[in-house]
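J.: Below is the structure I would like to discuss, written out as structure tokens.
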Amino acid sequence: GAGVSQSPRYKVAKRGQDVALRCDPISGHVSLFWYQQALGQGPEFLTYFQNEAQLDKSGLPSDRFFAERPEGSVSTLKIQRTQQEDSAVYLCASSWDRGPYEQYFGPGTRLTVT
Amino acid sequence: GENVGLHLPTLSVQEGDNSIINCAYSNSASDYFIWYKQESGKGPQFIIDIRSNMDKRQGQRVTVLLNKTVKHLSLQIAATQPGDSAVYFCAESHGSSNTGKLIFGQGTTLQVKP
């Protein structure tokens, strides 16, 4: 069956450019998470959606990071005025319900800021 | 083979041996724990999970043990195969967060020698 998909898989941006990363979760999944994974590290939580509501954005590193999920399915993570420290893999995960359950991860988008 | 602490990043085992990957978690309020396997260039893949009302759970070739007294989690892989080579992450979730967001450890690299 279809899993979580993300696009693009790779993105190179010049410092100062804006980028948009897309996540297509598993159909019907209520919960959607974004994580950031630096090289050699575990994923770190960025933000959480329950359907279209963004209930937790405590992990977003700055106000340059913005996420939305307007219809409760596809989500977009936008980074404005990218900086070199934003270089990382951005992972999207979805879960069938709210609360702690198994999360299914997409392949990630590798962002390189030059 | 076994890694003896959170700060040992690599575990090397012979094909066919059993592997034990250890993880210390930080929050005594965590009530959900999960193990993921991540291969190079891919997103984390679910292996097995356990809730705090259990101390052991078994899957296919894998067993997770939870010791809440010392806040310790371990993943046992029986008859390790070359395809098991990957980075393994433990993660915890705090029930009070109500979002199910996962807090990941640093990861252990498992190398299986043929």
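The values are calculated or read from the model by the stated rules, or taken from the named source; none is laboratory data. The shown structure was predicted, so the numbers you read here are calculated from the model rather than taken from an experiment. Cβ: placed from backbone, ideal geometry, glycine included. Neighbour counts: every protein chain shown. In case anyone asks, the SASA skips ligands and DNA or RNA and just uses the protein heavy atoms, side chains included. Shrake-Rupley method; radii C 1.70, N 1.55, O 1.52, S 1.80 Å.
J.: Here are A:Thr76, A:Thr82: which of them is closer than 12 Å to A:Thr109 by Cβ, more than 14 Å from chain B (Cβ to nearest Cβ) and open to solvent by less than 60 Å² (accessible area, probe 1.4 Å)?
T.: Matching residue, one of A:Thr76, A:Thr82: A:Thr76.
J.: Considering only region A:61-93, state which residues are acidic (Asp, Glu) and within 18 Å of B:Gly100 (Cα to Cα).
T.: Selection gives nothing.
J.: Further, regarding this structure: I'd like the residue in region B:65-88 that is closer than 25 Å to B:Ser26 by Cβ and of a type in the set (A, V, I, L, M, F, W, C) and, out of all such residues, is most open to solvent (accessible area, probe 1.4 Å).
T.: B:Val70
J.: Now for a separate question. From A:Leu91, A:Leu21, A:Leu55, A:Leu39, grab the single residue that is closer than 22 Å to B:Ser40 by Cβ, among the aliphatic types (A, V, I, L, M) and open to solvent by 70 Å² or more (accessible area, probe 1.4 Å).
T.: Exactly one residue qualifies, and that residue is A:Leu39.
J.: Is it true that some residue in region B:24-38 is part of a strand (DSSP E or B), more than 24 Å from A:Ser31 (Cα to Cα) and open to solvent by less than 60 Å² (accessible area, probe 1.4 Å)?
T.: Yes: one or more hits.
J.: Residues of region A:19-63 being assigned to a loop (DSSP other than H, G, I, E, B), in contact with a strand residue (DSSP E or B) (Cβ under 7 Å, 6 or more places away or on another chain) and of a type in the set (Gly, Ala, Ser), which ones?
T.: Listed by number, the residues that qualify are A:Ala38, A:Gly42, A:Gly59.
J.: For region A:44-60, name all the residues that are within 8 Å of another protein chain (Cβ to nearest Cβ) and over 14 Å from B:Gly100 (Cβ atoms).
T.: Hit for region A:44-60 is A:Glu44, nothing else.
J.: If you don't mind, there's one more thing I want to ask. Taking the residues in region A:100-111 that are open to solvent by 10 Å² or more (accessible area, probe 1.4 Å) and outside any strand (DSSP E or B) as candidates, determine which candidate is nearest to A:Ser7 (Cα to Cα).
T.: Restricting to residues being open to solvent by 10 Å² or more (accessible area, probe 1.4 Å) and outside any strand (DSSP E or B), the top hit is A:Pro107.
J.: Also: Can you tell me which residues in region A:24-36 are open to solvent by 30 Å² or more (accessible area, probe 1.4 Å) and within 23 Å of B:Val87 (Cβ to Cβ)?
T.: Within region A:24-36, just A:Gln36 meets the criteria.
J.: B:Arg57 passes all but one of (1) at pLDDT 95 or above; (2) over 13 Å from the mean Cα position of the chain (by Cα); which number fails?
T.: (2)
J.: Say we look at region B:61-92 and pick out the residues that are part of a loop (DSSP other than H, G, I, E, B) and modelled with pLDDT of 95 or more; which of these is nearest to B:Asp49 (Cα to Cα)?
T.: B:Arg61
J.: While we're here: Based on this model, can you work out whether A:Arg15 counts as open to solvent by 40 Å² or more (accessible area, probe 1.4 Å), of a type in the set (D, E, K, R) and within 11 Å of chain B (Cβ to nearest Cβ)?
T.: So A:Arg15 does not fit the description; no.
So that you can scan it fast, the table gives a plain yes or no per residue for (1) surrounded by 14 or more Cβ atoms within 10 Å (Cβ to Cβ); (2) within 14 Å of another protein chain (Cβ to nearest Cβ); (3) not β-branched (Val, Ile, Thr):
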{"position": "B:Ile21", "(1), (2), (3)": "yes, yes, no"}
{"position": "B:Pro44", "(1), (2), (3)": "yes, yes, yes"}
{"position": "B:Ile50", "(1), (2), (3)": "yes, yes, no"}
{"position": "B:Thr63", "(1), (2), (3)": "yes, no, no"}
{"position": "B:Lys101", "(1), (2), (3)": "yes, yes, yes"}
{"position": "B:Gly105", "(1), (2), (3)": "yes, yes, yes"}
